[in-house]
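Worksheet: the structure to be examined is printed underneath.
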Amino acid sequence: MTRGGSLITPEQRQRLRGLAVPVASFLGRLGLTPNALSVIGFIGTCAAAFAAASQAWLVAGVLVLAFGIFDSFDGALARATGRASRFGAFLDSTLDRTGENLVLAGIVVGALAGGYPVGAALAALAMAFGSIVTYTRAKAESLGLHGEVGFAPRPERLVIVAVGLILTGVLGGTWGAAQTVTWPEQWLATFDGSWALFVSLGLIVVLSAATVVQRIVHVHRQTEGDSNT
């Protein structure tokens with residue numbers, strides 16, 4: 001575990017960003033701008049959300065993973081070409097958060113259509129807690145404080161949900177969750193993909209809630225000298 005409680009150290013994040021530079025530079029030579037890459041990544045995430053809503057779980061997971069990786073290229077290109085801008089940072093952050101929520105909304109729709117209301121509820125909770133995680137960092141930074149700590153920032157959440165979606169698809173979707181059968185058939189039915197969706201979304205909910213607490217504590221420590229804390 002890292003000092004800030006994250007699953008990945010800042011050094012590891014920096015190395016991963018370095019790996020994106022050659023690909024980002026190639027895309028830049030094709031005439032693509034950092035903002036264009038942000039928009040392309042968002043469109044890909046929208047496709048993932050549509051796939052999840054259609055219960056194409058494997059396709060959704062692959063798209064989330066692929067365009068999650070693609071999302072690193074816009075920042076890498078901006079830094080490599082000196083084209084970083086405040087608007088670009090704003091656009092990238094806005095599209096990232098919108099895309100993540102759309103994917104979770106797609107899972108809500110897909111889970112309900114597949115007769116798995118528990119999965120839909122967990123996806124809704126993951127959306128709520130993920131939004132709060134994002135808000136706590138933004139609010140801390142608006143106050144001139146550091147807020148980027150915790151188990152589950154956005155990249156970690158995307159990896160978890162992508163793996164869960166892929167496993168759900170590989171294991172046949174959530175068909176077992178919709179069956180009305182008695183034991184032992186019901187027990188056997190639980191070995192479809194619904195358990196993978198349950199574990200991944202449940203993990204996001206728990207880690208996101210823990211991250212919110214971590215950020216509250218982190219900000220409180222930075223403001224211990226304030227009169228109202």
- Note on the structure: When segment 102-149 is checked residue by residue, the ones that are touching a Leu at 6+ places or on another chain (Cβ under 8 Å) and part of a loop (DSSP other than H, G, I, E, B) are Tyr116
- Query: Looking at segment 192-202, is at least one residue at pLDDT below 95 and part of a loop (DSSP other than H, G, I, E, B)?
  - Reply: yes
- Task: Could you please let me know if Ser54 is surrounded by fewer than 20 Cβ atoms within 10 Å (Cβ to Cβ) and within 30 Å of Val108 (Cβ to Cβ)?
- Result: yes
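The values are calculated or read from the model by the stated rules, or taken from the named source; none is laboratory data. Worth saying up front: this structure is predicted, and the values here are computed from it rather than measured. In this analysis, Cβ positions are derived from the backbone assuming ideal geometry, glycine residues included, and neighbour counts consider all displayed protein chains.
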